[in-house]
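Encoded as structure tokens, the structure appears first; notes follow it.
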Amino acid sequence: MLRRFKVVFVMACLWTTLSCAAENYGTNPAALALVDELVQEQGFDREELERVFSQAERQESILKAIARPAEKTKAWYEYREIFLNAKREDEGVEFYALHRDTLARAEREFGVPSEIILAILGVETYYGRIAGSYRVIDALSTLAFDYPRRSPFFTKELKNFLVLTKQQGFDPLSLKGSYAGAMGYGQFMPSSYLSYAVDFDGDGVIDIWNNPVDAIGSVANYFKRHGWKTGGMVVSAADANKDVADEWFVSGRKGLKPEHSVAQFAAQGLVAREVLAPETLAAAMKFELQDGYEYWLGLHNFYVITRYNHSAMYAMCVYQLSQRLAARVAQ
């Protein structure tokens with residue numbers, strides 16, 4: 001009786017282990033089609049790609065995370081507390097002290113203020129400290145092959161990821177990032193890596209995961225390539241002298257691009273506190289406080305920040321963190 005119990009127990013344990021084992025993509029038809037594409041177009045070794053996909057694992061936690069209903073958007077006074085706090089400032093000052101010369105060089109070469117670069121790294125990953133724990137190959141494979149709604153996008157990113165690992169000589173099974181496949185200090189997607197990442201220390205490898213020099217240069221290049229205007233203003237606080245219709249303000253991703261002039265906003269009752277040429281184009285923002293609202297006009301460089309993340313509140317946090325960091329390091 002005892003022997004029979006042990007056999008049943010062992011078989012149950014074995015079944016549990018097998019049923020909990022992660023599913024891989026070694027025989028997945030879509031993965032094999034991508035293998036064919038990469039072999040034909042990019043000269044990949046078929047056996048090597050098949051080996052990679054046989055070890056790429058489906059992660060249910062990734063599917064749960066990306067399918068999770070979006071939480072109700074936080075009000076500005078709540079959202080800003082996530083990023084504008086003493087801890088993020090303190091760590092930013094420490095990072096600046098370690099990489100002052102690199103940040104200064106990036107500012108000279110790309111025309112992007114060092115504090116903006118620093119703030120992006122702070123908002124995205126706490127200056128590289130929290131950059132994601134998922135294998136990128138698992139994240140992108142799971143979303144490419146088991147998340148139909150955005151499969152085309154993530155399949156493209158997976159292809160780009162494999163291309164960049166081949167170009168740089170990286171092991172595609174070792175690199176880590178977010179559950180959506182964003183990578184390194186600046187959380188670049190693979191397409192952004194291929195388009196904007198740079199070898200800023202000249203060692204022949206573009207490493208945005210472990211090399212803060214390359215990460216700094218890559219963020220600066222991203223901003224330059226998206227049209228950052230050296231020396232240009234970012235925002236101006238504004239006053240609403242009367243009720244301004246909601247249609248004049250940014251709403252979600254809508255209205256981020258400056259398309260109305262400062263004069264047009266003034267005619268609606270929204271007046272910039274800074275002295276701006278009447279023809280200057282801007283986007284208007286209305287941020288909720290615990291008591292009332294605050295108003296801002298975002299100029300061209302503010303729009304460039306939103307190219308990193310299409311959110312006015314995100315861009316404002318980056319800008320305001322950058323100003324706090326600039327003040328701290330100037331002391």
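The values are calculated or read from the model by the stated rules, or taken from the named source; none is laboratory data. Here the structure is a predicted model, which means the values were calculated and not measured. Counting neighbours? That spans all protein chains shown, and the Cβs are built from the backbone with ideal geometry, glycine included.
Tabulated data for the structure shown
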{"quantity": "Residue, farthest from ILE120 (Cα to Cα), within the stretch 211-246, restricted to residues that are among the hydroxyl-bearing types (Ser, Thr, Tyr) and out of contact with any Gly (no Cβ under 7 Å at 6 or more places or on another chain)", "calculated": "SER236"}
{"quantity": "Options GLU81, GLU107, GLU94; residue that is modelled with pLDDT of 95 or more, surrounded by 16 or more Cβ atoms within 10 Å (Cβ to Cβ) and farther than 30 Å from GLU57 by Cβ", "calculated": "GLU107"}
{"quantity": "Spans of helices (runs of 4 or more DSSP H) in the stretch 181-275 with at least 1 residues aliphatic (A, V, I, L, M), under 30 Å from ARG105 (Cα atoms) and within 18 Å of the chain's Cα centre (by Cα)", "calculated": "190-196, 212-225"}
{"quantity": "Matching residues, the stretch 43-73, being among the polar types (S, T, N, Q), modelled with pLDDT of 95 or more and over 15 Å from LEU140 (Cβ atoms)", "calculated": "SER54"}
{"quantity": "Any hit, the stretch 16-27, residues being farther than 20 Å from ASN160 by Cβ, of a type in the set (Phe, Trp, Tyr) and either at pLDDT 65 or above or not in a loop (DSSP other than H, G, I, E, B) (or both)", "calculated": "no"}
{"quantity": "Flag for ARG324 being within 19 Å of VAL123 (Cα to Cα), in contact with an Asp or Glu (Cβ under 7 Å, 6 or more places away or on another chain) and in contact (Cβ under 8 Å) with a residue 60 or more places away in the chain", "calculated": "yes"}
{"quantity": "Where a residue in the stretch 233-262 is surrounded by fewer than 19 Cβ atoms within 10 Å (Cβ to Cβ) and its partner, wherever it lies, is modelled with pLDDT of 95 or more and basic (Lys, Arg), with Cβ under 7 Å and at least six apart", "calculated": "ALA237/ARG273; ASP239/ARG273"}
{"quantity": "The one condition in (1) surrounded by fewer than 16 Cβ atoms within 10 Å (Cβ to Cβ); (2) within 24 Å of the chain's Cα centre (by Cα); (3) among the aromatic types (Phe, Trp, Tyr) that TYR293 fails to fulfil", "calculated": "(2)"}
{"quantity": "Odd one out for TYR196, checked against (1) buried (at least 22 other Cβ atoms within 10 Å of the Cβ); (2) touching a helix residue (DSSP H, G or I) at 6+ places or on another chain (Cβ under 9 Å); (3) of a type outside the set (Lys, Arg)", "calculated": "(1)"}
{"quantity": "Unique residue being closer than 23 Å to ASN221 by Cα and out of contact with any Phe, Trp or Tyr (no Cβ under 7 Å at 6 or more places or on another chain) when the list is ASP90, ASP171, ASP138, ASP101", "calculated": "ASP101"}
{"quantity": "Check on ALA119, modelled with pLDDT of 95 or more, touching a Ser or Thr at 6+ places or on another chain (Cβ under 8 Å), under 21 Å from VAL205 (Cα atoms) and not basic (Lys, Arg)", "calculated": "no"}
{"quantity": "Subset of the stretch 207-232 [within 24 Å of TYR134 (Cα to Cα) and surrounded by fewer than 24 Cβ atoms within 10 Å (Cβ to Cβ)]", "calculated": "ASP207, TRP209, ASN210, ASN211, PRO212, VAL213"}
{"quantity": "Residues satisfying the stated conditions in the stretch 276-331, i.e. among the acidic types (Asp, Glu) and not in a loop (DSSP other than H, G, I, E, B)", "calculated": "GLU288, GLU294"}
{"quantity": "Any hit, the stretch 46-63, residues being within 20 Å of SER178 (Cβ to Cβ), exposed (fewer than 13 other Cβ atoms within 10 Å of the Cβ) and touching a residue at least 12 places away in the same chain (Cβ under 8 Å)", "calculated": "yes"}
{"quantity": "Verdict on GLU288 being among the charged types (D, E, K, R) and in contact with a strand residue (DSSP E or B) (Cβ under 6 Å, 6 or more places away or on another chain)", "calculated": "no"}
{"quantity": "So ALA315, is it crowded, with 22+ Cβ neighbours inside 10 Å and either among the aromatic types (Phe, Trp, Tyr) or within 29 Å of ALA104 (Cβ to Cβ) (or both)", "calculated": "yes"}
{"quantity": "LYS176 surrounded by 17 or more Cβ atoms within 10 Å (Cβ to Cβ) and closer than 19 Å to TYR25 by Cα", "calculated": "no"}
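Residue by residue, here is whether (1) touching a helix residue (DSSP H, G or I) at 6+ places or on another chain (Cβ under 8 Å); (2) of a type in the set (Phe, Trp, Tyr); (3) within 27 Å of LYS257 (Cβ to Cβ); (4) touching a residue at least 40 places away in the same chain (Cβ under 8 Å) holds:
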residue: PHE188; (1), (2), (3), (4): yes, yes, yes, no
residue: SER191; (1), (2), (3), (4): yes, no, yes, no
residue: ASP203; (1), (2), (3), (4): no, no, no, no
residue: PRO212; (1), (2), (3), (4): yes, no, no, yes
